[in-house]
Amino acid sequence: MPPKKLAAGNWKMNGLKADLAEVAALAEAHATTACEILICPPATLLAPMAATVGSAPILLGGQNCHAAESGAHTGDISAAMLKDAGAGYVILGHSERRADHGETDAEVRIKTGAAWTAGLTAIVCIGETLSQREAGETLDIVGGQLDGSLPDGSTAENMVVAYEPVWAIGTGKVPTTVQIAEVHDFLRAQLVSRFGDAANGIRLLYGGSVKPSNAAEIFAVSNVDGALVGGASLKAADFGGIIDALAAA
Ligand code: 13P
């Protein structure tokens with residue numbers, strides 16, 4: 001059985017204890033769902049969020065991890081720490097980390113290995129900038145990032161890939177469904193050519209300005225197995241609308 005579709009929320013650097021009320025509301029509204037629900041809060045909220053979620057089917061994840069298991073790395077967090085705090089997933093190589101911290105494909109690949117060692121599923125993010133799209137380089141860029149960021153041994157259980165065009169993140173701009181399909185079909189073919197037929201089960205998420213109002217249209221696109229949602233994941237009403245659209249897709 002391939003994994004269920006995945007509605008993943010990336011809270012980025014947002015969220016204080018008071019915001020756990022949104023997760024409590026989400027848990028109450030989604031006691032059962034046809035898709036998987038994941039929230040990746042700031043690390044400070046992982047443990048209290050796990051307590052808030054209780055037995056509701058909401059998974060938790062981190063937003064980054066260090067490549068090492070432990071040691072003298074002030075301010076960093078290891079995959080084992082995320083796991084210990086209640087995470088089952090970790091986002092790696094988000095474009096904001098690639099831009100703010102200079103993370104490279106090679107570093108993302110090594111961090112993915114560290115995530116697997118700790119028992120976490122990696123959500124590896126890739127995506128082109130506006131100037132790269134305008135130069136007609138989109139498939140070259142995302143193909144190179146996919147190749148360089150995923151370790152050998154990627155499977156449907158340990159890997160999720162998120163296609164997030166940098167120009168669509170937080171801008172309200174969304175690629176056309178034709179553009180999304182072109183990239184997702186290309187990524188699927190590359191995954192299958194490298195990892196074999198089982199890579200049909202690796203979930204491919206779309207991310208970038210997903211809202212309740214555009215979710216159904218995006219989820220109808222071929223090879224879109226869910227979404228990685230930023231701003232609209234912060235409020236239970238918005239994220240709930242996206243979850244419902246995915247469950248119905
Ligand atoms: P927005 O949904 O706010 O555009 O963010 C997308 C994103 O970067 C998720 O990782």
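Once you have a ≥ b ≥ c as the square roots of the Cα gyration tensor eigenvalues for segment 54-119, tell me rounded if a/c is under 1.5, and otherwise prolate or oblate according to whether a/b is larger than b/c.
Taking the square roots of the gyration eigenvalues as a ≥ b ≥ c, segment 54-119 is prolate.
Which of the helices in the chain meet the span-like rule: DSSP H, Cα axial reach of 20 Å or more, Kyte-Doolittle mean at least -0.5?
177-195
Net charge near residue 79, counting Lys/Arg +1 and Asp/Glu -1 over other residues with Cβ under 10 Å of its Cβ?
So the surrounding residues net to 0.
If you average the sequence gap of Cα pairs under 8 Å that are 6 or more apart and divide by the length of the chain, what percent do you get for the contact order?
21
Near residue 196, within a Cβ-to-Cβ distance under 15 Å, what is the net charge of the other residues, with Lys and Arg +1 and Asp and Glu -1?
Taking every Cβ under 15 Å from that of residue 196, the sum is -1.
Going by Cα centres, segment 6-30 and segment 175-231 are how many Å apart?
23
What does the extension gain come out to for residue 194 and residue 134, with contour length at 0.36 nm per residue minus their alpha carbon separation?
Going from the current span to full extension adds 18.8 nm.
If neighbour count is taken as other Cβ atoms inside 10 Å, put 38, 146, 191 in order from fewest to most.
Going from sparsest to densest Cβ surroundings: 146, 191, 38.
The numbers here are math on the coordinates, done by the rules we state, and not lab data. What you see is a predicted model, and the numbers here were worked out from it, not measured in a lab. Here Cβ is always computed from backbone atoms with ideal geometry, including for glycine, and neighbour counts include all displayed protein chains.
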